[in-house]
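Quick notes on the structure that follows.
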Amino acid sequence: MGSLGAVLKHPDDLYPLLKLKYAAKHAEKQIPPEPHWAFCYSMLHKVSRSFGLVIQQLGPQLRDAVCIFYLVLRALDTVEDDTSISAEVKVPILNNFHRHVYDNDWHFSCGTKEYKVLMDEFHHVSNAFLELAKGYQEAIEDITMRMGAGMAKFICKEVESIDDYDEYCHYVAGLVGLGLSKLFHASGAEDLATDALSNSMGLFLQKTNIIRDYLEDINEIPKSRMFWPREIWSKYVDKLEDLKSEENSAKAVQCLNEMVANALIHAEDCLQYMSDLRDPAIFRFCAIPQIMAIGTLSLCFNNIQVFRGVVKMRRGLTAKVIDRTKTMSDVYGAFFDFSCLLKSKVDKDDPNATITLSRLEAIQKTCKNSGALTKSRRSYIIENESGYNSVLIAIIFIILAILCSYLSSNLSNNA
């Protein structure tokens, strides 16, 4: 759960945090008994707890397919991410990974922590994959093949231009969007979305992650991982790693802001994709990460801390997003709120101020035109002071109730 300090500062986070904690406990109890499926769902919650929760809200067959799709691509990503593996070893594995999913004897030791466990015991994922319906298997194999080939291409190629950046993000994330659209369609729950909209769904998430993870990627051992396009960063510094130097703080923030402006290109496509969805569970599965992305961009924008440490949404706000996101109106409201927060941070002297404001105003116009921005909706930006006091009182009562229960239990045991 979120830290006590954060909860006291944002007491209305408490209820969503408690609900999220309960949902996580409930999800753990729903793990299937079969060893290979138990491994897959347990691993899913280890590599992404919040993502695992929204996956488990999908219908049974689609849930299994998306779980395996996610783990297969996580394993592929683990091979790509491990900078200790030579290109000579890595490239063939990436190119052939779509074949390895059919081989329940294959494994390759790499990565760290839970990702190493995933790679060492990949046979569980293969066994589960082989039990999926043919349509799901074909969609997962196709996307894995295309993604592996794209990753292999960029092992030997740097991200120079913005076109390179879009191409790389397409391979590692846009294809995920295409694959998920195929899985949704194969389930019979959704029409097949266009490749352009599906691609934008992936690119918006991936570009947000690349922006947020600058410091982690540049400090990667034994070799830096560099995904920011030279076409952008070379306007500000001579080397990408120079952005983390104190003397380049002003230039670094301007470069960061241009990266955020670039990511915002995809927001309207994402809103269109989500508005076309019919199934409530699929909608939530798609919408929650997208709201998290624009929320993260609003925190990163104009923020030097991106080059100093970790910038991410507090756990209570994440819980609030998961709790509140039920309809497209909720998405419009969240995108409007976070775009307002982002807009308030735009410096008129920033070289990309005009284009950033233009993209934010386009997002806001789409949200306003939806008719979803009613006065009764709950905003992510404006804190309700009366709510603060009532929730704080509720916290005190909860703490007192826990203490009373604890004391009562001890007295009973001692009697």
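The values are calculated or read from the model by the stated rules, or taken from the named source; none is laboratory data. Bear in mind that the values here come from a model prediction, so they are computed numbers and not experimental data. Cβ coordinates were reconstructed from backbone atoms using ideal geometry, including for glycine residues, and neighbour counts include every protein chain displayed. Only protein heavy atoms, including side chains, enter the accessible area calculation; ligands, DNA and RNA are left aside. Shrake-Rupley method; radii C 1.70, N 1.55, O 1.52, S 1.80 Å.
What to note about this one:
- Protein accessible area in the chain, 1.4 Å probe - carbon and sulfur %: 54 percent
- Binning the C-alpha pair distances of the chain at 10 Å intervals from 0 yields a P(r) profile of 4, 20, 30, 27, 14, 4, 1, 0 %, listed from the shortest bin outward.
- For the range 27-183, the share of alpha carbon pairs falling in successive 10 Å distance bins from zero is 11, 41, 36, 11, 1 percent.
- Net charge over other residues, Cβ less than 14 angstrom from the Cβ of Leu215 (K, R count +1; D, E count -1): -2
- Rg and Dmax [Cα atoms of the range 196-329; Å; Rg one decimal, Dmax integer]: 16.1, 51
- When only the Cβ of Lys, Arg, Asp and Glu is charged (+1, +1, -1, -1), the dipole of the range 213-335 relative to its Cα centre reaches about 420 debye.
- Neighbours of Val66, meaning other residues whose beta-carbon lies under 14 angstrom from its beta-carbon, give a summed charge of +1 when Lys and Arg score +1 and Asp and Glu score -1.
- For the chain, accessible area per residue (1.4 Å probe, heavy atoms of protein chains only), Å²: 47 Å²
- When each of Lys46/Lys153; Lys90/Lys244; Lys21/Lys244; Lys251/Lys320; Lys21/Lys207; Lys320/Lys343 is checked by Cα-Cα distance, pairs over 27 Å: Lys46/Lys153; Lys90/Lys244; Lys21/Lys244; Lys251/Lys320; Lys21/Lys207
- Taking amide H as placed 1.01 Å from N in the peptide plane, Leu58 has no amide H partner under 5 Å among residues 5 or more places away or on another chain.
- Cα gyration tensor, the range 289-382 - rounded (a/c under 1.5), prolate or oblate: oblate
- From most to least packed by mean Cβ count within 10 Å, the peptides 182-191, 100-109 give 182-191, 100-109.
- For the chain, a crude dipole built from +1 on the beta carbon of Lys and Arg and -1 on the beta carbon of Asp and Glu, taken about the Cα centre, is about 1520 debye to the nearest 20.
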